[in-house]
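Nothing in this text is a laboratory measurement; each read-out follows from the coordinates by a stated rule. Predicted model only: the values in this text are computed from it and were never measured. Neighbour counts run over all protein chains shown; Cβ positions are idealised from the backbone, glycine included.
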Amino acid sequence: MTGPAGHSALRLPDPSPPMRALIARLKAEDEGLCDLFTLPLDEARAQFEQSNRRWNVELPEMAIAREIALPATSAPAPLRATLRVPIRARPGFILYLHGGGWMFGSPHTHERAIRMLAESCRMAVIAPFYRRAPEAPFPAGLEDCKAAWQAAHAAAAEHGIEVGPAGISGDSAGANLAMATMLSALREGTAGPHFAMLFYGVYGADFSTASYRMPDPPYGLTAERMRAYWDRYAPQPVSRNDPLAAPLNASEDALAALPPLFLNAAELDPLRDDTLGLYERLRDLGRHDVCHLHRGVVHGFMQMTVALEEARTAFALAAEWLDTAGYSSNQGRKR
């Protein structure tokens with residue numbers, strides 16, 4: 001069900017048969033649960049955590065699996081992170097930023113996904129806990145992610161990870177934060193990642209795209225929920241003009257200076273065209289990034305590796321790209 005990037009008509013595509021069966025199961029399991037936005041924040045987060053436990057079973061074995069404290073940085077408080085090192089890891093590491101609409105989730109809700117990334121890519125993965133909206137709106141969480149990136153090299157060395165390529169990754173809101181971390185490094189003239197792998201990310205606040213206007217998917221993220229996330233993360237509309245909040249607003253020069261990118265999108269996802277729009281801009285600059293459109297699946301499908309083959313395929317594709325991609329910046333490369 002994986003296909004090349006491309007726009008779909010203004011209709012809701014059909015779920016794949018495995019996705020349709022899984023949606024039926026999930027709807028049955030979730031019967032009686034309240035909408036997260038109708039609950040007090042602490043109860044909503046607890047429900048989000050509980051709902052994600054079903055994905056965090058049959059965990060891939062790791063050589064190292066521990067929680068760590070990141071070395072002191074510019075963050076206002078010490079940062080915690082999880083460290084997952086696969087068996088027979090190669091040098092280097094990936095900083096992984098979890099999704100959850102900037103409001104929900106943690107490295108723990110993404111435990112199996114993080115381990116899948118580590119195992120597939122054969123690299124250590126460091127996943128920080130960052131401040132979340134609405135208590136800490138933009139740019140608080142981003143500042144923590146930037147601090148985590150600055151501290152990650154020292155943390156890797158402290159835990160015996162061999163020096164090598166350093167990348168960044170994330171899903172959904174985490175992909176947004178990963179893009180913003182890279183753009184911030186370019187803006188500030190500091191060292192950024194050698195590569196990035198970004199999964200069904202939030203890159204803009206344009207609710208008029210075809211994927212935002214198609215009918216709601218049968219499960220998961222909807223256009224209305226995405227608007228609610230934006231209202232809590234960046235409540236002042238003017239802040240959404242900042243490329244560090246909405247990376248699609250970045251200049252051509254900034255996009256051209258990014259390291260090699262692996263992107264993917266889910267077909268039944270309001271955010272689909274965020275990724276496809278970003279890919280088109282990158283392609284028009286003559287870059288050689290990769291983008292996969294996973295057909296027939298909903299937003300967040302990479303959480304579902306224990307039950308959905310397409311999710312496992314997505315990690316395999318990212319790892320395959322990493323095996324063949326150069327780790328130097330696209331700047332100066334022959335195009």
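Return 168, 23 ranked ascending by Cβ neighbour count within 10 Å, so the fewest neighbours appear first. Please report the intermediate quantities before stating the final value.
Working: 168 29, 23 18.
With the fewest neighbours first, 168, 23 line up as 23, 168.
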Worksheet item: Which far-off residues, 5 or more places away or on another chain, put their amide H under 5 Å from the one on residue 68, with H placed in the peptide plane?
Response: 81, 82, 83
Worksheet, complete the sentence: Net charge (Lys, Arg +1; Asp, Glu -1) of residues whose beta-carbon lies under 14 Å from that of residue 305, residue 305 excluded, is -2
Practice prompt. Grab the DSSP H runs of the chain that are 4 residues or longer, score each as -39,500 (n - 2.57), total them, divide by all residues and round the 222 nm result to the nearest 500 deg cm²/dmol.
Written response: -11000 deg cm²/dmol
Worksheet entry | Per-residue ³J(HN,Hα) for region 13-28, Karplus 6.51 cos²θ - 1.76 cosθ + 1.60, θ = phi - 60°, Hz, x for Gly and Pro | x, 6, x, 5, x, x, 5, 4, 5, 5, 4, 4, 5, 5, 4, 5
Worksheet item: Dipole size in debye (nearest 20) for region 2-324 around its Cα centre, Lys and Arg Cβ +1, Asp and Glu Cβ -1?
Response: 260 debye
Item to complete: Any chance you could check the Cα centroid distance between region 145-171 and region 104-126 for me, in angstrom?
Response: 14 Å
Worksheet, complete the sentence: For region 136-146, in residue order, the Karplus 3J(HN,Hα) values (coefficients 6.51, -1.76, 1.60; θ = phi - 60°; whole Hz; Gly and Pro = x) are 10, x, 3, x, 4, x, 4, 4, 5, 5, 4
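Rank these for me by crowding, 159, 292, going from fewest to most other beta carbons within 10 Å. All intermediate terms of the calculation are to be shown ahead of the outcome.
Details: 159 15, 292 21.
Fewest-to-most ranking of 159, 292: 159, 292.
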Response to the item:
Output ordering of 152-158, 26-32 (per-residue mean of other Cβ within 10 Å, highest first) is 152-158, 26-32
Fill in: Structure-derived Cα Rg over 2.2 N^0.38 Å: which label, when the choices are (i) 0.92; (ii) 1.14; (iii) 1.37
(i)
Worksheet item: What does the charge add up to near residue 209, with Lys and Arg as +1, Asp and Glu as -1, over the other residues with Cβ less than 9 Å from its Cβ?
Response: -1
